[in-house]
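Peer 1: After the structure tokens below, expect a handful of questions from me.
Values in this text are rule-based calculations from the coordinates and carry no lab data. In this text the structure is predicted, and so the values were computed from the model without any measurement. Neighbour counts run over all protein chains shown; Cβ positions are idealised from the backbone, glycine included.
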Amino acid sequence: MTHEEVVRASGHENVSGDHASTLEVTSDDFLTPAGDCILAIEADRVPADFDDEFVAACQDADATVTATIAAGDHSVTVTGTGHPDLTFESDRSHVLRTSDYVDDRTVLVNADAAAGDVDRDLVAALADGSEATLTLTVQSGSD
């Protein structure tokens, strides 16, 4: 069974997409140049808003979790896995990690890409302030 959650957010002039191990979409309404993993701000939903079935599916270590970030004509898809320790309790940010580190902001681990791997045209569109959509999909490992 597949579950999906959609988050709408906005780009910002300080989006750089340089981070080598994480990628983040935050509900914060600001971004400093130090936030080099953040691709979009002002997210309309946070992990704590997600459906219980979605969260449970992501807590399967064998689940495949996919995140697609789109802005204008550009998009990137990052694939990772679920983890039993994922809580989806953050009321602030969605973080995709290339490692297996988990905190309350983590929405997937073992990601095949981070902010620094994102297509530069997408990063440029977000830096120009484009509206962004983050679509998270989980396919449980037992399907």
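Peer 1: Among bridges DSSP assigns within the chain, what percent are antiparallel (round to 5)?
Peer 2: Around 90 percent of the beta bridges assigned by DSSP in the chain are antiparallel ones.
Peer 1: Further question: Given charges of +1 on the Cβ of Lys and Arg and -1 on the Cβ of Asp and Glu, with all other atoms neutral, how large is the dipole of the stretch 65-143 about its Cα centre, in debye to the nearest 20?
Peer 2: For the stretch 65-143, the charge dipole is close to 60 debye.
Peer 1: Using the Kirkwood radius built from alpha carbon pairs, what does the Stokes-Einstein equation give as D for the stretch 1-79 at 10 °C and 1.306 mPa s, in µm² per second?
Peer 2: Using the Kirkwood radius from Cα pairs, D works out to 115 µm²/s.
Peer 1: List the residues whose amide H sits under 5 Å from the amide H of residue 132, counting only those 5 or more places along or on another chain, with H placed 1.01 Å from N in the peptide plane.
Peer 2: Correct list: 9, 10, 11.
Peer 1: Ok, one more. Under 10 °C and 1.306 mPa s, how fast does the chain diffuse according to Stokes-Einstein, given a Kirkwood radius computed over C-alpha pairs? Answer in µm²/s, whole number.
Peer 2: 110
Peer 1: Still on this structure, please answer the following. With Cβ to Cβ distances under 10 Å as the rule, what net charge do the other residues near residue 71 carry (K, R +1; D, E -1)?
Peer 2: After counting each charged neighbour, the total is -4.
Peer 1: Oh, and also: What FRET efficiency comes out for residue 2 versus residue 101 if R0 is 22 angstrom and r is the Cβ-Cβ distance? Round to the nearest 0.05.
Peer 2: Once the sixth-power term is evaluated, E becomes 0.30.
Peer 1: Quickly estimate the mean residue ellipticity at 222 nm for the chain, helices only: each DSSP H run with n ≥ 4 gives -39500 (n - 2.57), and the total goes over all residues, rounded to 500.
Peer 2: Here the helix-only value at 222 nm equals -2500 deg cm²/dmol.
Peer 1: For the stretch 97-143, what does the relative contact order come out to in percent, with C-alpha contacts under 8 Å and a separation of six or more?
Peer 2: 24
Peer 1: Along Cα→Cβ, 7 Å out, is where each label goes; now give me the distance between the ones at residue 18 and residue 121 in nm to one decimal.
Peer 2: Those two pseudo-labels are separated by 2.4 nm.
Peer 1: Roughly how many whole Å is it from the C-alpha centroid of the stretch 20-61 to that of the stretch 119-143?
Peer 2: Each part reduced to its Cα centre gives a spacing of 11 Å.
Peer 1: Using only C-alpha atoms and all pairs of different ones, pull out the Kirkwood radius for the stretch 41-99 in Å with one decimal.
Peer 2: The answer is 12.5 Å.
Peer 1: What is the sum of charges around residue 9, taking Lys and Arg as +1, Asp and Glu as -1, for the other residues whose C-beta is under 12 Å from the C-beta of residue 9?
Peer 2: -4
Peer 1: In what sequence, highest mean first, do 17-29, 36-48 appear when ranked by Cβ atoms within 10 angstrom?
Peer 2: For the peptides 17-29, 36-48, the packing ranking is 36-48, 17-29.
Peer 1: Something else about it: Provide the packing ranking of 2-10, 65-73, i.e. peptides ordered by the mean count of other C-beta atoms within 10 Å per residue, highest first.
Peer 2: Per-residue mean Cβ counts within 10 Å order the peptides as 65-73, 2-10.
Peer 1: Residue 34 to residue 79: FRET efficiency via 1/(1 + (r/R0)^6), r the Cβ-Cβ distance, R0 30 Å, to the nearest 0.05?
Peer 2: For residue 34 and residue 79, the calculated efficiency is 0.65.
Peer 1: Another question about this same structure. If you place +1 on the Cβ of every Lys and Arg and -1 on the Cβ of every Asp and Glu, how big does the dipole about the Cα centre of the chain come out, in debye to the nearest 20?
Peer 2: Charge dipole of the chain: 240 debye, to the nearest 20.
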